Amino acid sequence: MTDTHITPEQEKALIEGKDILASKQDALLQLGQIQAFNFIGKLVTVTELKVVQQIKESKSYKGLTYHDDQGKLVTVTTWEECCKHILKTDRQNLDRRLVNLQQFGEEFFEAAQNMKLGYNDLRVLRQLPEDDQALVIESEAVETGDKDAVKQLIDDLKAKHKKE
């Protein structure tokens, strides 16, 4: 019978390995949540986007793996790869949604989604001065969910600034 003895260096390496595995496991669970939400076919919600933002900022997607078209195991190294192969979505579209959520806040973001305001409408709104953005965000049209009135307000403010 042999006496197995683990050196302090080996013990430290084992603990570090377990920590890395635990962090990857958390990322996989979060990514699994996002995939489940997408599977249900809902629009991306504020809660989902917050999880996506956390994963993006922490870069916890790095080191995850997927099988490419040839069945080869590939390691994710970029946000683009994570979006395409893990989340199965377009990076640019997802990044636009994150920008909109960050710039406009949760309440307006959800209202805009419910009204089905398009990307171009939100892009134009982002380009307006903050005071004008606030006029739109706090408008009665947003409260009542009147998409046409919101779009008209955005267009009117855009035209006003174009003249100036």
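Quick note: the coordinates plus some simple rules give every number you see, no bench work behind them. Every value quoted in this text rests on a predicted model; they were computed, and no experiment measured them. A quick note on method: Cβ atoms are made from the backbone with ideal geometry, for glycine too, and the neighbour counts reach across all protein chains shown.
Here are the numbers:
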read-out	value
For Leu64, distant residues with modelled amide H under 5 Å away	Val76
Ranked by how many other beta carbons lie within 10 Å on average, peptides 78-88, 126-136 from highest	78-88, 126-136
Value of relative contact order over the chain, rounded to a whole percent, pairs C-alpha under 8 Å and six or more apart	14 percent
Computed [θ] at 222 nm, helices only, for the chain once each DSSP H run of length n ≥ 4 contributes -39500 (n - 2.57)	-21500 deg cm²/dmol
Filter on Lys116/Lys151; Lys50/Lys158; Lys24/Lys62; Lys24/Lys59; Lys56/Lys84; Lys62/Lys88 - keep pairs with C-alpha separation over 18 Å	Lys50/Lys158
From phi via Karplus (6.51, -1.76, 1.60), per-residue ³J(HN,Hα) for region 76-88 in Hz, x at Gly/Pro	6, 10, 10, 4, 4, 5, 4, 4, 5, 9, 9, 8, 6
Sites Glu9 and Arg123 - FRET efficiency at Förster radius 41 Å, r taken between beta-carbons, to 0.05	0.15
In sequence order, calculated HN-Hα J values of region 53-59 (Karplus, 6.51, -1.76, 1.60; Hz; x Gly/Pro)	4, 4, 5, 5, 5, 7, 6
